[in-house]
Amino acid sequence: MCGIVGYIGNELAAPILLDGLSKLEYRGYDSAGLAVRDGDKTIEIVKAKGRLKELKEKTDGGMALKGSCGIGHTRWATHGEPSTENAHPHHSDDNAVVLVHNGIIENYQFLRDKLVKNGYSFYSQTDTEVATKLIDYYYKKYKGGPVEAMARSMMRIRGSYALAIMFKDYPGEIFATRRDSPMIIGVEGDAAYLASDVPAILKYTRSVYYIDNMEIARLGKGTVRFCTVDQEPIEKQPVQITWDAESAERAGFEHFMIKEIHEQPRVVTDTINSLVREGRVDLSEAGISEEMLRSFSQVHIVACGSAYHVGVVTQYVMEDLARIPVRVDIASEFRYRRPLLTPDSLVIIISQSGETADSLAALREAKSQGVQTLAIVNVVGSSIAREADHVIYTYAGPEIAVATTKAYSTQLIVGYLVSIELAHARGQIDDGEYGRLLTELRTIPEKIERVIEDKERIQWFAAKFSNAREAFFIGRGIDYAISLEGSLKMKEISYVHSEAYAAGELKHGTISLIENGTLVIGILTQEALYEKMISNMAECKSRGAYLMGITNYGNYNTEDTADFTVYIPKTDPHFTASLAVIPLQLLGYYLSITKGLDVDKPRNLAKSVTVE
């Protein structure tokens with residue numbers, strides 16, 4: 001949510017800032033702005049409501065703004081409606097301090113009232129303007145310089161923030177700090193960059209620094225210095241980003257989402273190869289041994305959105321294979337139900353960005369109770385990765401589309417592998433079954449490829465139901481978990497109201513909503529539950545529903561009940577989510593295309609939810 005970029009060097013800043021902001025559009029935003037400075041001249045601020053193209057037009061692609069030092073921002077409205085006045089950057093009354101902000105300042109009203117009493121006036125409804133003028137207040141009152149003013153302000157602000165700041169009296173520098181909101185800094189040659197996420201600066205540098213909570217960074221041309229809030233110097237080592245810069249581009253595809261769907265066979269292979277060596281699951285890089293796995297008596301999986309759906313699949317797989325109790329929690333509810341965690345529990349946090357606010361809070365709650373934590377994340381050096389006791393990285397690479405596809409698929413793979421290794425460590429599967437499962441898992445990428453090849457049929461079906469107003473997804477067991485993700489894909493990018501139900505619950509109320517023409521999508525990949533699912537679908541059909549079925553090759557009598565059937569290759573029933581989800585991703589995508597919607601940037605949504 002929100003995007004921040006910064007640049008200082010020898011080139012024109014504005015075009016670089018605009019380019020960086022374009023790489024962060026996936027985070028969701030409603031307005032954008034730049035602040036650029038040419039030497040010791042006045043900082044020039046330009047803002048625009050709406051898409052980034054409006055800001056580009058105002059600034060002639062950035063060429064109208066002269067100067068080699070600047071900060072930029074795309075805003076997701078929290079305090080104050082989307083407008084030019086509420087857009088960032090914000091400034092103090094005399095432009096002595098100019099600032100962009102990602103996060104939420106919880107005590108902004110209290111601080112605002114205090115500042116008003118000290119003679120400040122406000123032109124916007126944002127919490128960010130309060131932060132700007134609070135820093136300005138301490139800067140002028142104590143005259144200790146930018147770092148002291150920032151440190152004093154940080155002690156007063158409650159909430160989350162990533163701040164990039166320019167001071168009128170320091171023309172050759174940008175200052176930055178963070179608390180619970182992501183920010184990275186890159187240095188290359190005579191230039192320094194800052195951003196909310198790697199894709200914004202990947203084109204310019206692969207050497208990045210991660211700022212920890214309550215640290216301050218001071219950027220100059222090709223330099224960066226770090227200190228604590230107490231102004232004690234900090235030595236940091238850069239991290240090398242291995243992502244391919246081209247993976248953050250569309251590479252000839254019409255949208256990022258369809259490109260990322262097509263990338264799934266490769267990223268699934270990469271993730272398997274990162275954890276399976278010489279026929280064994282190797283979790284040693286995460287610091288996890290067989291002895292440790294045997295010590296756990298229960299597992300808690302905590303996540304949000306699609307990552308939560310991965311958790312539901314993993315629960316079915318892990319409980320069945322490892323015979324260990326598993327509970328799945330929505331991260332935003334985990335803390336507030338005051339979870340009872342035993343010392344021999346394992347808490348698994350799943351997050352693509354590694355910055356999801358609710359998941360990060362859940363991680364900290366688990367750690368406060370002294371239990372072992374394992375993070376499954378995609379972004380190296382992210383907050384959740386740094387704070388968890390153990391971390392397993394997925395190899396999805398940069399995922400730009402808001403609706404996740406390849407990150408979901410790589411998270412599934414990690415869930416399977418941890419489950420298999422846990423089952424083996426606990427003696428629930430022998431070496432033969434262990435080897436068979438790993439061999440079968442290696443066939444998943446090629447089978448995903450075969451499902452994607454059938455996309456034209458899904459496209460035809462999406463066109464047929466482009467006017468659908470609602471849909472129901474049903475399944476049993478793992479198929480119910482798959483239904484959850486299919487429903488989310490439909491509603492988040494095609495804006496069709498959809499719900500997922502455990503098929504056995506239909507008769508307990510839901511079936512009253514079925515009427516002539518209602519679209520019902522049944523998932524039938526679990527052979528032991530196939531006949532029960534056919535019966536549930538028949539119940540829907542007898543009430544006028546139009547049925548789409550997703551099942552394994554060989555279950556051809558599905559067509560006797562379903563009006564439209566999609567077949568996926570057979571695999572071990574524990575792994576069917578990796579295949580059955582592909583037609584559902586494609587269905588959501590093509591529905592959105594048919595309706596003329598913005599696939600990669602659906603309304604009201606952000607890629608990474610970094611505020612609670």
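Loop only per DSSP, at most 16 neighbouring Cβ atoms within 10 Å: give me the GluC sites (Glu not before Pro) in region 331-440, ordered by residue number. Show your work: numbers first, answer last.
Details: sites: Glu333, Glu355, Glu365, Glu387, Glu399, Glu421, Glu433, Glu440; in loops: Glu355, Glu399.
Filter output for region 331-440: empty list.
Helix-only mean residue ellipticity at 222 nm, the chain, DSSP H runs n ≥ 4 weighted -39,500 (n - 2.57), per residue, nearest 500. What is it? Before the final figure, lay out each step's value.
On the way: 19 runs with 215 residues, N = 612.
Calculated mean residue ellipticity at 222 nm is -10500 deg cm²/dmol.
Taking amide H atoms as placed 1.01 Å from N in the peptide plane, list the residues 5 or more away in sequence, or in a different chain, whose amide H sits under 5 Å from that of Ser31.
For Ser31, whose amide H was placed from the backbone, the distant partners under 5 Å are Gly50, Arg75.
Enter the angle in degrees (range 0 to 90, nearest 10) between the Cα long axis of helix 146-156 and the first principal axis of the Cα atoms of the chain, meaning the one along which they spread out most.
50
Please list, ordered by chain and number, the residues whose modelled amide H lies under 5 Å from the amide H of Asp329; skip anything fewer than 5 residues away on the same chain.
Amide H neighbours of Asp329, under 5 Å, 5+ apart: Ile301, Val302, Ala303.
Ordered by residue, what ³J(HN,Hα) values in Hz, to whole numbers, does region 540-555 give under the Karplus form 6.51 cos²θ - 1.76 cosθ + 1.60, where θ = phi - 60° and Gly and Pro are x?
Working through the residues one at a time gives 5, 5, 5, 9, x, 5, 9, 9, 10, x, 10, 8, 7, 4, x, 8 Hz.
For the pairs Lys143/Lys367; Lys41/Lys114; Lys117/Lys168; Lys117/Lys143; Lys259/Lys507; Lys203/Lys601, note any where the Cα-Cα span goes beyond 29 Å. Intermediate values should be presented prior to the final figure.
Details: Lys143/Lys367 40 Å; Lys41/Lys114 31 Å; Lys117/Lys168 24 Å; Lys117/Lys143 20 Å; Lys259/Lys507 40 Å; Lys203/Lys601 22 Å.
The pairs that break the limit, which is 29 Å between Cα atoms, are Lys143/Lys367; Lys41/Lys114; Lys259/Lys507.
May I ask you to give the solvent-accessible area per residue for region 504-550, in square angstrom, as obtained with a 1.4 angstrom probe?
Numbers: 2100 Å² over 47 residues.
Averaged over the residues of region 504-550, the accessible area is 45 Å².
Got the relative contact order for region 159-309 handy, in percent, Cα pairs under 8 Å and 6 or more residues apart?
Numbers: 187 pairs, mean separation 21.9, N = 151.
Here the relative contact order equals 15 percent.
How large is the accessible surface of Asp212 in square angstrom, using a 1.4 angstrom probe and rounding to the nearest 10?
50
Seen from all sides and averaged, what is the projected area of the convex hull of the Cα atoms in region 207-306, in nm²?
12.0
For the cross-link pairs Lys406/Lys595; Lys47/Lys140; Lys491/Lys570; Lys141/Lys236; Lys58/Lys491; Lys489/Lys541, which exceed 30 Å when the distance is taken from alpha carbon to alpha carbon? Show your work: numbers first, answer last.
Working: Lys406/Lys595 23 Å; Lys47/Lys140 26 Å; Lys491/Lys570 28 Å; Lys141/Lys236 32 Å; Lys58/Lys491 34 Å; Lys489/Lys541 24 Å.
Table pairs above 30 Å Cα-Cα are Lys141/Lys236; Lys58/Lys491.
Carbon and sulfur atoms: what percent of the 1.4 Å accessible area of the chain do they account for?
Values: 10670 of 22770 Å².
With neighbouring chains kept in place, the figure for the chain is 47 percent.
Helix 13-22 versus the longest principal axis of the chain: what angle, 0 to 90°, nearest 10, using Cα atoms?
Here the helix axis deviates by roughly 20 degrees.
Counting heavy atoms of the protein chains only and a 1.4 Å probe, report the per residue accessible area for region 13-56 as a whole number of Å².
Details: 1470 Å² over 44 residues.
Per-residue accessible area for region 13-56 comes out at 33 Å².
Considering only the chain, what is the antiparallel percent among its DSSP beta bridges, to the nearest 5? Don't skip to the answer; put the middle values down first.
On the way: 62 of 104 bridges.
Around 60 percent of the beta bridges assigned by DSSP in the chain are antiparallel ones.
Report which label in (i) -0.34, -0.59, -0.74; (ii) -0.38, -0.65, -0.80; (iii) -0.57, -0.80, -0.90 holds the value of log10 I(q)/I(0) by the Debye sum over Cα atoms at q = 0.06, 0.08, 0.09 Å⁻¹ derived from the coordinates of this structure.
The value computed from this structure is option (i).
To the nearest 20 debye, what is the magnitude of the charge dipole of the chain about its Cα centre, counting +1 on the Cβ of each Lys and Arg and -1 on the Cβ of each Asp and Glu? Mind dumping the intermediate values first?
Values: 67 positive and 81 negative charges, 304 e Å.
The dipole magnitude comes to about 1460 debye.
On a 0 to 90 degree scale, rounded to 10, what angle separates helix 455-464 from the longest Cα axis of the chain?
With rounding to tens, the tilt is 90 degrees.
Straight-line reach only, C-alpha to C-alpha below 12 angstrom: list the aspartates and glutamates that Lys56 could link to, leaving out same-chain residues fewer than 8 apart.
Filter leaves Asp19.
In whole percent, what relative contact order does the chain give with Cα contacts below 8 Å and a gap of six or more residues?
Values: 1370 pairs, mean separation 73.6, N = 612.
This gives 12 percent for the chain.
So in region 223-367, what percent of DSSP beta bridges are antiparallel if you round to the nearest 5?
Counting only bridges with both partners in region 223-367, antiparallel ones make up about 30 percent.
Say a site is exposed when it is one of the chymotrypsin sites (Phe, Trp or Tyr not before Pro), sits in a DSSP loop, and has at most 13 other Cβ atoms within 10 Å; what is then the longest site-free stretch of the chain?
Longest run free of exposed loop sites: 124-552.
Which value, in debye to the nearest 20, describes the size of the charge dipole of region 314-455 about its Cα centre when Lys and Arg Cβ atoms bear +1, Asp and Glu Cβ atoms bear -1, and nothing else is charged?
On the way: 15 positive and 20 negative charges, 69 e Å.
Dipole size: approximately 340 debye.
Counting heavy atoms of the protein chains only and a 1.4 Å probe, report the per residue accessible area for region 173-248 as a whole number of Å². Show your work: numbers first, answer last.
Numbers: 3160 Å² over 76 residues.
It amounts to 42 Å² per residue over region 173-248.
Let me test this: with uniform point scatterers at the alpha carbons of region 493-540, what is the Debye-based log₁₀ I(q)/I(0) at q = 0.17, 0.25, 0.33 1/Å?
Debye curve over Cα of region 493-540, log10 I(q)/I(0) at q = 0.17, 0.25, 0.33 Å⁻¹: -0.54, -1.04, -1.43.
Would you work out which of Gly61, Gln264, Val313 lies farthest towards the positive end of the dipole of the chain? Charges go on Cβ: Lys and Arg +1, Asp and Glu -1.
With unit charges placed on the Cβ atoms, the residue in question is Gly61.
The values are calculated or read from the model by the stated rules, or taken from the named source; none is laboratory data. A quick note: this is a predicted structure, and the numbers were derived from the prediction, not measured. Because the Cβ atoms are built from the backbone with ideal geometry, glycine has one as well, and the counts that use them run over all protein chains shown. The protein model used for the area step is the full one, side chains on, heavy atoms only, and it has no ligands, DNA or RNA in it. Shrake-Rupley method; radii C 1.70, N 1.55, O 1.52, S 1.80 Å.
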